[in-house]
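Quick note: the coordinates plus some simple rules give every number you see, no bench work behind them. Just so we're clear, the structure is a prediction, and the values are computed from it rather than from any experiment. Backbone-built Cβ (ideal geometry, glycine too); neighbour counts: all protein chains shown.
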Amino acid sequence: MRLIIREDEEAASLYVANYIIGRIEHFSPTPANPFVLGLPTGSSPLGVYRILVERYKAGEISFENVVTFNMDEYIGIPRDHPQSYHTFMWQHFFSHVNIHPRNVHILNGNAPDLEAECVRYEAQIKAAGGIDLFLAGIGEDGHIAFNEPGSSLASRTRVKTLAYDTVLANSRFFGNDIAQVPKMALTVGVQTVLEAREVVVVVLGARKASALQHCIEDGVNHMWTLSSLQLHPYPMIVCDEDATLELKVKTVKYFKSIEQVALAEGFEQTLPTSLRTANTNTPLKKPLPPPTIITNTNGDSTPATTHTHTPPESESESSPTIFAPQPTTSRLLRASSPAAEYPLRMSRAASPELELVPDRMASRIIGGEALRGRLTPTPKVEGRVGVVGA
Ligand SMILES: O=P(O)(O)OC[C@H]1O[C@](O)(CO)[C@@H](O)[C@@H]1O
């Protein structure tokens, strides 16, 4: 684990922005071999996006050959809603740099089949050659993307119910009206994040201090899903001094000292060459047509659903058959049988009573009585949701 501690939010954001720029430059991306960047929303990465935009405008970095995948998106609010993550990303980053819209990937929280959307997203990541660097923020409860406490550490992109604490924290973006905050989201899974070649997490402010402490000083625990980063070969957390408030003095001194020693020795958090430069071993960097998706829950290959999007004629013959993703990267996490939550059984009937765990937190949400016993925010969405991921 690399823990980089900087004085304040600005210095931490600058470190991360410089780091990302350095990684893209070292990689020397091309159209055939783009740099694949995972991106978060929330207030934590705002400083990073601002600096990246400034550096782009100063001609210091290009996003011409960068492909992005966002971590998550709310379910059930329009794509052009002021608080949708689509809006957020275009407003704070994409509109200001030279990224090709076709290279931007954000989950569709209004997809007619949300489960198929999740499987499609994982297939797109795979087709892009995997994620080179996943930038992330965390929630106050230590969640990474929307992998709330109790999420399976083998989880993949899926439908997720948001924890009450997250709904409460995010209500500041919805006029402090909890009733307006979506209660569900699509999110990449913990395993999706762990499969990135490198993960960089921005943690800012005293309100994240407890989460940081649990994730750095305690063991790997599904109640603090950021702690899963301890299993990643190249994780880095960049935080400000306020976020270290709950860490032991010894921990803070240790991480500061190893950064100083590495700097003095000229290493500065150096990564292996294969990660710093274009990785020629990646299976595929050329954008693929939408795949035919087959879910496989029992080890057989019974086709359960077919993607409805038709690939362009010239590419259709190369459309791959992709099985719903299985946990593959971390041997520590590899289960002997497919993860219980994934792949999802596409043929399962949508039945909130049978599939969904009653939301006991609903009673804590103002006006939440209407939610008791069901987890979906609106009846319209309810009909589409078959399974809620762990
Ligand atoms: O940075 P903030 O505003 O604290 O929010 C962090 C939140 O944003 C997210 O990145 C949303 O995707 C979550 O991981 C987390 O809930």
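Some values worked out for this structure:
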quantity	calculated
Residues in segment 210-229 reached by a label modelled at Tyr254 [backbone nitrogen below 12 Å; 7 Å Cα→Cβ]	216-219
Around Thr68: net Lys/Arg minus Asp/Glu count, Cβ-Cβ under 12 Å	0
Leu14-Asp113 FRET efficiency (beta carbon distance; Förster radius 35 Å; 0.05 resolution)	0.25
Taking Ser62, Ser28, Ser151 and counting other C-beta atoms within 10 Å, the order from fewest to most	Ser28, Ser62, Ser151
Sites Glu140 and Asn98, calculated FRET efficiency, Cβ-Cβ separation with R0 45 Å, nearest 0.05	0.85
Amide H within-cut-off set for Leu135, under 5 Å, with H built and near neighbours excluded	Gly38, Leu39, Val200
Cα-Cα over 24 Å, subset of Lys57/Lys208; Lys57/Lys256; Lys208/Lys253	Lys57/Lys208; Lys57/Lys256
Radius of gyration and maximum dimension Dmax of segment 2-276, Cα, Å	17.7, 55
Fewest-first ranking of Arg156, Arg197, using other Cβ atoms within 10 Å as the exposure measure	Arg197, Arg156
For Val97, net neighbour charge (Lys/Arg +1, Asp/Glu -1) across residues whose Cβ lies under 10 Å away	+1
Whole-Hz couplings from phi, Karplus 6.51/-1.76/1.60, listed for segment 154-169; x for Gly and Pro	9, 5, 10, 4, 6, 7, 9, 7, 7, 5, 3, 4, 5, 4, 4, 4
Estimated distance in nm for a label pair at Thr30 and Gln180, the labels positioned 7 Å out from Cα along Cα-to-Cβ	4.9
Segment 155-260: Rg to Rh, with Rh as the Kirkwood radius over Cα pairs	1.01
Exposure proxy ranking, count of Cβ atoms within 10 Å, fewest first, for Arg55, Arg23	Arg55, Arg23
Local net charge near Arg55, Cβ-Cβ under 15 Å (Lys/Arg +1, Asp/Glu -1)	-2
Share, in percent, of DSSP beta bridges within segment 64-205 that are antiparallel, nearest 5	65
Amide hydrogen neighbours beyond the local backbone of His105, cut-off 5 Å, H modeled	Thr68, Phe69, Asn70
Span per principal axis, largest first, for the Cα atoms of segment 138-206 (Å)	38, 28, 17
